[in-house]
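Structure record follows, encoded as structure tokens.
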Amino acid sequence: DRRVKIAPSILSADFAALGPECRAIEDQGCDWVHVDVMDGHFVPNLTIGPAVCAALRPHIRTVMDVHLMIAPPEPLVDAFVDAGADMLTVHAEATDHLDRLVAQIRERGAKVGVALNPATPEEAVRYVLDKIDMVLVMSVNPGFGGQSFLASQVDKIARLRALIGDRPVHIQVDGGISPKTAGQVVAAGADVLVAGSAVFKGGSVDQPAVYGDNMRAI
Ligand code: DX5
Ligand code: ZN
């Protein structure tokens, strides 16, 4: 299914109403729910952990796409799988043993993604491409929503698509995705788009139709 998927990031949602917000974006037609986990160590922000993910699980009917911006990730992998993560994405920069880590996640029965920060070349995933389900290309420096898209990442997306070849591996792009930037990343080979501020801006749990309009505009 080559249709581009939209995965709204709940980092930009109302943190006092994350359950209803997850239901609202799914009612408005999102494909996945992107959950940004931050530890205040790997990135300079601290958001939510496994307990909140577990609480959100009953409110997510589609895919709980968990983006782990934590280091080290190994000690918490089981907790996030147990919390119900369908896709668990770890940063290549957050572990010394990426091959072993992706195997650990797959053994637990979750799909596995590897995220690359803007300065990390696509080559970093060359030797795990047969063991993963997705590569997440960060088009901002991780930690916050509402940042500007880094155009340097378009070239990386295209090179990555060539490297992946005909393997069934998604390319997810995350950061600064909007109607202005989505076209070029899809043209370069991305098939899953994460968007936080572009989806949630101007809306609220009481005005969810705005989320649908924003998603369709991307
Ligand atoms: C940043 C997160 C992104 C972020 C995207 O560290 O990984 O998912 O929430 O937010 P926008 O779409 O506003 O750039
Ligand atoms: Zn993210």
Please work out how many pairs of lysine residues in the chain are eight or more positions apart (or on different chains) and have Cα atoms closer than 29 angstrom.
11
Summing -39500 (n - 2.57) over every DSSP H run of at least 4 residues in the chain and dividing by its residue count gives a helix-only mean residue ellipticity at 222 nm, to the nearest 500 deg cm²/dmol, of -8000 deg cm²/dmol
What are the ³J(HN,Hα) couplings of segment 139-150, residue after residue, when phi is run through the Karplus curve with 6.51, -1.76, 1.60 and θ = phi - 60°? Round to Hz, x for glycine and proline.
9, 8, 6, x, x, 8, x, x, 8, 7, 5, 8
When the accessible area of the chain is computed with all protein chains present and a 1.4 Å probe, what percentage of it is carbon and sulfur?
53 percent
Given axes a ≥ b ≥ c from the Cα gyration tensor, I'd like to know whether the chain is rounded (a/c under 1.5), prolate (a/b larger than b/c) or oblate.
oblate
Amide H contacts of Ile48 (H built 1.01 Å from N, under 5 Å, at least 5 apart or other chain):
Met38
How much of Arg3 can a 1.4 Å solvent probe reach, expressed as accessible area in Å² and rounded to 10?
130 Å²
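The values are calculated or read from the model by the stated rules, or taken from the named source; none is laboratory data. All values reported here derive from a predicted model rather than from experimental measurement. Note: areas computed on protein heavy atoms with side chains; ligands, DNA, RNA excluded. Shrake-Rupley method; radii C 1.70, N 1.55, O 1.52, S 1.80 Å.
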